[in-house]
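The values are calculated or read from the model by the stated rules, or taken from the named source; none is laboratory data. What you see is a predicted model, and the numbers here were worked out from it, not measured in a lab. Don't worry about glycine lacking a Cβ; one is built from the backbone with ideal geometry, like all the others, and counts go over all protein chains shown. We work out accessible area using only protein heavy atoms, side chains counted, and drop any ligands, DNA or RNA first. Shrake-Rupley method; radii C 1.70, N 1.55, O 1.52, S 1.80 Å.
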Amino acid sequence: MQRSICTNKLQRTWKPFYFLGLLTTGFLLYQPVSEAYIAKRYSVNRIVKESSNILFGTVSEVNTNRRTAKVKVEKYIKGKAEFDEIRIRLDVYKGEVDHRDEAMRLMKVDRPIIIFYLREGGRIDSLSHINGKWFQTQTTRQNNKWGWWLFTHTEKYLNRDEVSRRDSTVDFQKELNAMLGTVDENTVRTREVPTSGADIIQLHFLRTDSYKEEYPTISSLKSIGGHSVGYSGTTSRDLPGLSDADILWIGFRTLSRDGKYWLNNNQESRIKAFVKNGGVVIVSGQDSDDGRPCPTGWLPEAIKGIESTARSDFQATSNAGELFNVPNRIRSGNLSLDDSWTGVNQNYQVLATTNGGKEIAIAKRNYGKGMYLITSLRNDSEARVSKNRRVLENLVHFAVDFLEESNRLLVLKTDAYASEPRTIARLDAITGSDFVYQETTNHNLPTLSNVDILWLGFRTLSRDGKYRLNNDQEARIKAFVKNGGVAIVSGQDSDEGRPCQTGWLPEPLNGVESTRRNDFQPTSAAGDLFNAPHRVRSGQLALDDSWSGWNQNYQVLATTNDGKEIVVAKLKYGKGMYLITNLRNSQEAEVSKNRPMLENLVHFAVEFLADGK
């Protein structure tokens, strides 16, 4: 399946997220600031979405001796106008490579510049685009005044990757003007379709000639969340062209009408396979009669169609998120509803109900890597489609947000050691919607098929001489990695004569009882594991029981105890990878000490996934 957004979601540019400590003004101005980020491949559309403010400006002054530049702000195209002038210092930098000379060469008086920034409290992190190149700056507010914007580095991946590279800043300004619309309380006005390298969402519409108003209304949505939308439609329930789509819209009464059901087993299977592989299916209202409800073989688990009276009231649930607010504000009475659904199990999330909570207006069902959105919308006439138009747009927007979600990380935890999962979850809080965090204490890992990274937490596999996985659970972990997932393994408990078992690995490895220590030696195979995003050196980790007895299929990335024991090892298996560590994350102080390494491990895993091995 060639997917433009979902299965290619990792083919994005790198967007760093920085979080600074409490720094004094002098330290901030005269010394390199320590940095920390989770790197993710990002498209221009996603950068636009994550920025709180975007402005166009012109370089008004360049001082080559002091290595400074000033930017006159011409206009804001997103967010509140906050600056008339931005002062940039290029005599400082961060990271391993000094890009200051390159950045100075970009700065020419009267040259146009675009600045994207995220303001959080007293800190601003910024991406700038000038003369076809991206670079980053940061600034903080001291004594209610914003300081100079400090140069950090030029962007290797943003300047290289197709989804973010823009060779002309002037053309990029035109693209952004086309991409962004004017917002009021109830609606978002869409613009012309952006053409310069923008991501395109492909929506495939299953329609029937009996109800002709729904498809043209949906296909009039030319842009969703900054993405161009391409449309294709068919009346064939064999769904030719589905393999090229990101979203399948199953139109009003295309599955069931007047007691007749229109799908065969192969067609049902095709829809389920599409969702399982990462697609989104949005289902408009279907016809259910008393004694002849709409069958649901196109769903992985049955629900019941019910005949209902036409109505417009609904009640959003706590699971609805922004469905009824973005991009349009929709309230009870604003919809046209008809035959509905009931009988869902715990795997469904009900987003809105009607008829006093007895019937489903909209429900969500995650399946594999994809999602269903099942509705009871009545779209059989121009007037009703017009009434539902705003929720149709919201549903597509909701689907696009789902498709854009980046890596999903599942932590297997134990309540005995709460600091580790809490710290990893904080990484998710920092990166927001770009990292989907889940946790479980269930060794059956029920949501494993929906994630990209599995973190096997501290002593979740072995503790006090007891091994906690059965054969099926071991096989499930191996299958996850073999199919392309990454398993990161925190330290496990090994005792003399009772080492941690390793049936969850495809190759043998011995658990070793060790003394607590903090020294380690990286190997030549480590790459940037101990440098990106954090510089981690011997003495800066909390280590404990380790591993030995590896074969040639393992790549040892760091050792301890004079090279006799593993600190971090990598094992590729199938399409995926294991990262096996001996990190001790028992107490909050140990987790705090290891936190930079935890982030480096996630970063390392993300790079692996983004590069497709």
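From the set of residues in segment 501-527 that are among the hydroxyl-bearing types (S, T, Y) and surrounded by 14 or more Cβ atoms within 10 Å (Cβ to Cβ), which is nearest to R584 (Cα to Cα)? Steps first, please.
Initially, segment 501-527 is screened for residues among the hydroxyl-bearing types (S, T, Y), giving 502, 514-515, 523-524.
Now narrow it down to the ones that are surrounded by 14 or more Cβ atoms within 10 Å (Cβ to Cβ): 502, 514, 523.
Working: T502: 18, S514: 11, T523: 20 Å.
The extreme case among them is S514.
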Within segment 422-467, considering residues that are part of a loop (DSSP other than H, G, I, E, B), among the charged types (D, E, K, R) and crowded, with 16+ Cβ neighbours inside 10 Å, the one modelled with the lowest pLDDT: D452
Could you tell me how many of the residues in segment 146-178 are open to solvent by 70 Å² or more (accessible area, probe 1.4 Å), among the acidic types (D, E) and part of a loop (DSSP other than H, G, I, E, B)? 2
Return the residues of segment 591-608 that are open to solvent by less than 10 Å² (accessible area, probe 1.4 Å), closer than 17 Å to I580 by Cβ, of a type in the set (A, V, I, L, M, F, W, C) and out of contact with any helix residue (DSSP H, G or I) (no Cβ under 7 Å at 6 or more places or on another chain); say none if nothing qualifies. M597, L601, A605
Pull up segment 301-339, narrow it to residues that are without any contact (Cβ under 8 Å) to a residue 40 or more places away in the chain and outside any loop (DSSP other than H, G, I, E, B), then point me to the one that is least open to solvent (accessible area, probe 1.4 Å). A316
Of the criteria (1) at pLDDT below 95; (2) in a loop (DSSP other than H, G, I, E, B), which one M371 fails: (2)
Name the one entry in Q552, Q587 that is over 24 Å from T515 (Cα atoms) and either modelled with pLDDT under 95 or over 28 Å from the mean Cα position of the chain (by Cα) (or both). Q552
What is the number of the single condition among (1) at pLDDT below 95; (2) touching a helix residue (DSSP H, G or I) at 6+ places or on another chain (Cβ under 7 Å) that L579 does not meet? (1)
Listed by first then second residue, the pairs whose first member lies in segment 52-68 and is at positive phi and among the aliphatic types (A, V, I, L, M), whose partner is surrounded by 15 or more Cβ atoms within 10 Å (Cβ to Cβ) and part of a loop (DSSP other than H, G, I, E, B), with beta carbons under 6 Å and at least 6 positions apart or on separate chains, are none
For A532, only one of the following conditions fails: (1) under 29 Å from the mean Cα position of the chain (by Cα); (2) modelled with pLDDT of 95 or more. What is its number? (2)
Would you check if there is a residue in segment 485-497 being within 23 Å of the chain's Cα centre (by Cα), assigned to a helix (DSSP H, G or I) and within 17 Å of M577 (Cβ to Cβ)? no
Identify, from the list T139, T68, the residue that is surrounded by 20 or more Cβ atoms within 10 Å (Cβ to Cβ) and farther than 25 Å from R160 by Cα. T139
Is it true that some residue in segment 528-544 is closer than 24 Å to Y437 by Cα, in a strand (DSSP E or B), open to solvent by 10 Å² or more (accessible area, probe 1.4 Å) and in contact (Cβ under 8 Å) with a residue 40 or more places away in the chain? no
Is it true that some residue in segment 503-519 is under 19 Å from I424 (Cβ atoms) and within 33 Å of the chain's Cα centre (by Cα)? no
Determine the pairs where a residue that is in contact (Cβ under 8 Å) with a residue 40 or more places away in the chain, located within segment 591-613, has a partner that is of a type in the set (D, E, K, R) with Cβ atoms under 7 Å apart, the partner being 6 or more residues away or on another chain. V591/E420; V606/K40; L609/D452; A610/R41; K613/K575
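Take the residues of segment 204-225 that are in contact (Cβ under 8 Å) with a residue 24 or more places away in the chain and of a type in the set (S, T, N, Q): which is surrounded by the fewest Cβ atoms within 10 Å (Cβ to Cβ)?
At the first step, the residues of segment 204-225 found to be in contact (Cβ under 8 Å) with a residue 24 or more places away in the chain are 204-211, 213-215, 217-218, 221-225.
If we keep only those that are of a type in the set (S, T, N, Q) as well, we get 208, 210, 217, 223.
Values: T208: 17, S210: 11, T217: 16, S223: 22.
Top of the filtered list is S210.
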Somewhere in segment 76-95, is a residue of a type in the set (F, W, Y), out of contact with any Lys or Arg (no Cβ under 7 Å at 6 or more places or on another chain), part of a strand (DSSP E or B) and over 21 Å from G132 (Cβ atoms)? yes
Any residue in segment 77-95 that is among the hydroxyl-bearing types (S, T, Y) sitting within a Cβ distance under 9 Å of a residue that is open to solvent by 50 Å² or more (accessible area, probe 1.4 Å)? List the pairs, counting only those 6 or more apart or interchain. Y93/P32; Y93/R100
Any residue in segment 141-159 that is basic (K, R) sitting within a Cβ distance under 8 Å of a residue that is exposed (fewer than 14 other Cβ atoms within 10 Å of the Cβ) and not in a strand (DSSP E or B)? List the pairs, counting only those 6 or more apart or interchain. R141/G122
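Mind checking which residues of segment 247-275 are of a type outside the set (F, W, Y), surrounded by 17 or more Cβ atoms within 10 Å (Cβ to Cβ), within 28 Å of the chain's Cα centre (by Cα) and over 12 Å from T208 (Cβ atoms)? Lay out the reasoning, then the answer.
Keep residues of segment 247-275 that are of a type outside the set (F, W, Y), which gives 247-248, 250-251, 253-260, 263-273, 275.
Right, trim to surrounded by 17 or more Cβ atoms within 10 Å (Cβ to Cβ) and you get 247-248, 250-251, 253-257, 263, 267-268, 270-272, 275.
Filter again for within 28 Å of the chain's Cα centre (by Cα), leaving 247-248, 250, 270-272, 275.
Selection gives I247, L248, R270, I271, K272, V275.
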